[in-house]
Amino acid sequence: MAHSTGDANENDLSNIAEIIDRLVTVPVFSGSSLAKKPVVLDLYAAARSKIGKPLVYHAFENLTRGIERSDSKSVLILTGFVVPPWLEPETDGPVGAASLARSINLAWDLTPVIVTEPAYVTRMGKLLEYAGLGLRQEYSTKKSEGYRKAAVDGFTLDIEEAKNQAASLIERVSPAALISIEKASPNSKGVYHSGVGVDLSPLSAKVDALIEAAKSAGIPTIGIGDAGNEIGMGCIEKEVREILPTGNDCGCPCHGGVASSVSTDSLIVVGTSNWGASALEAMISFHFESPELLHDGKMEEYLIGKSAELGYINPASGLAEPGVDAIPADIHGSIVNILNFIVRSRYSPSYHVKKYVEFTKDKEKLARLIRESKGSS
């Protein structure tokens, strides 16, 4: 388990979280059909107003609190979003789930359990293996089969079965926390939508039942989303209805809007949901002052490419190609590389930066140097 010798203090964590929040909410792709302007900035502002602190910091607090207070050997990660008209799951979500599972496993020796639609269990398992984790075929609370393991579980698409399955899974796994990454949420009428208002109910695992079961058990819940229709966005349901053109009226027969009705204890609003997972990794890395706890840009591009090989699609094109939300894989890799630099430059500043700070402490010496230079170059 990662030790706490170099753990960052609360002020450091809050300050770096502010920077991370700003990076992962940059509207890199502004051509969304959801609105005439990027909605992420308004959604973020609404969530920040409710939570009152950097969103990734609040989520990190809840994640670590759950882990530290629990004897659990696991964290549940919910992911998988099936996109019409292609009827295949998108790359946004599973890639972040795989990289975050790796980080959590390395940091705390926990066995993450990824929950997705039954049809996509095999490909999610392969993606975890590409992230470097072995697979446990059957999950139990006993720590066995070695440390670097994860598991995948399929969850029902039947709303009638969901409550019982959720209770059973929570009891069996007893997770320290639950994280949902880009997962379709029911609106106030119980209908699951895409951002543009298509009814996805027949395609979506009813994992919102897991959120309710976790809350009842006192388990911290974290939602990550980028459009307002995902699990967790119920924290700002009213604002989503006002911000999104489809927020209040989806245009499908339910006319209930796409706004999520499912809230979580913490909410991370990002430009692309995978970035929310990377942002949490960055907080974990900074907390433990361990660079290996945050994957790099090369791994991000690698996982996106492998996800395409497995059949996950870029929703903008419907193609199994290395891109997420119409953004090429190399751009996503660059975002992760910037996260790495932000984190590492603060817990391990370069030699010349440290020397510069040292030089500037002697103000009298600097003033004399400046006077003697007489402005010469």
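Taken together, the values in this text are just the output of simple stated rules run on the coordinates, not laboratory data. Keep in mind that what you see is a predicted model, and the values were worked out from it rather than measured. Counting neighbours? That spans all protein chains shown, and the Cβs are built from the backbone with ideal geometry, glycine included.
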request  = Would you mind calculating the relative contact order of the chain from Cα pairs under 8 angstrom and at least 6 residues apart, reporting the percent as a whole number?
outcome  = 21 percent
Gained length - Glu18 relative to Lys374, 0.36 nm times residue gap less alpha-carbon distance = 124.1 nm
query = Along its principal axes, what span do the Cα atoms of the range 58-172 show, with the longest given first and each in whole Å?
reply = 42, 33, 32
ask   = Can you give the % of DSSP beta bridges in the chain that are antiparallel, to the nearest 5?
value = 30 percent
remark   = Along principal axes, largest first, the alpha-carbon spread of the range 214-257 in whole Å comes out as 36, 20, 15
request  = Could you please rank Met233, Met299, Met283, placing first whichever residue has the fewest other Cβ atoms within 10 Å of its Cβ?
outcome  = Met299, Met283, Met233
request  = Evaluate the Debye formula for the chain with equal point scatterers sitting on the alpha carbons, no solvent, and hand back log10 of I(q)/I(0) at q = 0.07, 0.14 Å⁻¹, in q order, two decimals.
outcome  = -0.30, -1.12
ask   = For helix 297-309, what angle does its Cα long axis make with the longest principal axis of the chain, in degrees from 0 to 90 and rounded to 10?
value = 20 degrees
remark   = For His295, His255, ascending order of other Cβ atoms within 10 Å (fewest first) is His255, His295
message = Over 12 Å apart: what share of the alpha carbon pairs of the range 338-377 falls there, rounded to a whole percent?
response = 68 percent
key: Cα lying deepest toward the dipole's positive end in the range 10-351, options Leu63, Gly257, Ser307, charges on Cβ   = Leu63
query = Where does each of Trp108, Trp86 land when they are ranked from fewest to most other beta-carbon atoms within 10 angstrom?
reply = Trp86, Trp108
Lys/Arg +1, Asp/Glu -1 at C-beta; the chain dipole; positive extreme among Ala367, Pro202, Gly232 = Ala367
key: Three-way shape call for the range 40-118 based on the alpha-carbon gyration tensor, with the a/c threshold at 1.5   = oblate
Net charge dipole size for the chain [Lys, Arg +1 and Asp, Glu -1 on Cβ; Debye, nearest 20] = 1180 debye
query = By how many degrees, 0 to 90 and rounded to 10, does the Cα axis of helix 94-108 deviate from the longest principal axis of the chain?
reply = 60 degrees
ask   = Hey, got the Cα dimensions of the range 231-313 along the principal axes, in Å, largest first?
value = 47, 33, 17
query = Any idea what angle helix 10-24 forms with the longest principal axis of the chain, computed on alpha-carbon atoms, 0 to 90 degrees, nearest 10?
reply = 70 degrees
task = Let me know the longest stretch in the chain that avoids all trypsin sites (Lys or Arg not before Pro) found in a DSSP loop with at most 10 other C-beta atoms within 10 Å.
result = 143-360
task = Enumerate the lysines that Lys361 could reach by cross-link, defined here as Cα to Cα under 30 Å, with residues fewer than 8 away along the same chain left out.
result = Lys374
note = Computed about the Cα centre, the charge dipole of the range 176-229 from +1 Lys/Arg and -1 Asp/Glu charges at the Cβ has a magnitude in debye, to the nearest 20, of 120 debye
task = Treating cross-link reach as a plain straight distance, find the lysines whose alpha-carbon is under 28 Å from the alpha-carbon of Lys149, omitting any fewer than eight places away in the same chain.
result = Lys73, Lys126, Lys163, Lys183, Lys206, Lys215, Lys298, Lys306
